[in-house]
Amino acid sequence: MKKTVLFLTICGAALVMSCGGNKTKGEAEDADSLALEEDTEVVEAVSPDYLMLDLKGKVKSFSISGEYWDVIGNNVEFDEDGLICQINGETPNLERNDEGQITKYSWEVVYDYPEYPETESYTYTYDEQGQVLKIEYRGAFCDYDCTFERDDEGNITKRINKSATQGNTSTRIEYSEFDEKGNWTKCKADGKTVIRQLTYWE
């Protein structure tokens, strides 16, 4: 009788382990999939125009007052996808590459002398981080190439213009104030104060 009870006890324990202690293949796969989803960090894509201008957050617009030359314009508006839709109050003529980066920005100009061209343009070259490395300006009265030096945050600290007709010039920029997103709001360009106001979609 004791042998029979011991045998039944062992069988019962084995049955419990078999039914409750092990997961089926499907349950194990579901658990692994759930754990993977929890560990996976969702990274939001950054607009190439935000990268171009080193903007942080979902910027809706910015306007710059003071003697400061931005890489595309001092009054810029963006759509909800972070792409430029207005420059200095006008819909811009922009050309883009396969990565969505702006490669050329051109605009019409009106002069009193018809021998001057009616179109001026910026042509852009980028670095690996998607920031502007070089700008080639082609205009009615002069041409120049512009390059930049930046700090560790990507902000432009020096702008260098080289022109066969206008000579070579440079501008040093020092930043003093930033907003909560990390975008600069106040700087000095060659000692002159510049203010930038930004609005956000968020």
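Distance between the pseudo-spin-label points of ARG172 and LYS104 (7 Å out from Cα toward the beta carbon): 3.7 nm. The mean of 1/r over all distinct Cα pairs in the stretch 94-133, once inverted, gives the Kirkwood hydrodynamic radius of 11.8 Å. Return the loop-located trypsin sites (Lys or Arg not before Pro) in the stretch 156-202 (DSSP other than H, G, I, E, B) with at most 15 other Cβ atoms within 10 Å of their own Cβ; answer none if there are none. Here the trypsin sites (Lys or Arg not before Pro) that fit, given the DSSP loop and packing criteria, are LYS181. Can you figure out the FRET efficiency of LYS60 with ASP151, using R₀ = 22 Å and their beta-carbon distance, to the nearest 0.05? Calculated value: 0.30. Label zone (ARG138, point 7 Å along Cα-to-C-beta; backbone nitrogen cut-off 19 Å) within the stretch 153-196: 162-166.
With Rh defined as the Kirkwood radius, the inverse of the mean 1/r over Cα pairs, the Rg/Rh of the stretch 76-202 is 0.97. Counted by Cβ distance under 11 Å from SER106, the other residues give a net charge of -2, where Lys and Arg count +1 and Asp and Glu count -1.
Each reported figure results from applying straightforward, stated rules to the coordinates on display, with no laboratory input. Here the structure is a predicted model, which means the values were calculated and not measured. Counting neighbours? That spans all protein chains shown, and the Cβs are built from the backbone with ideal geometry, glycine included.
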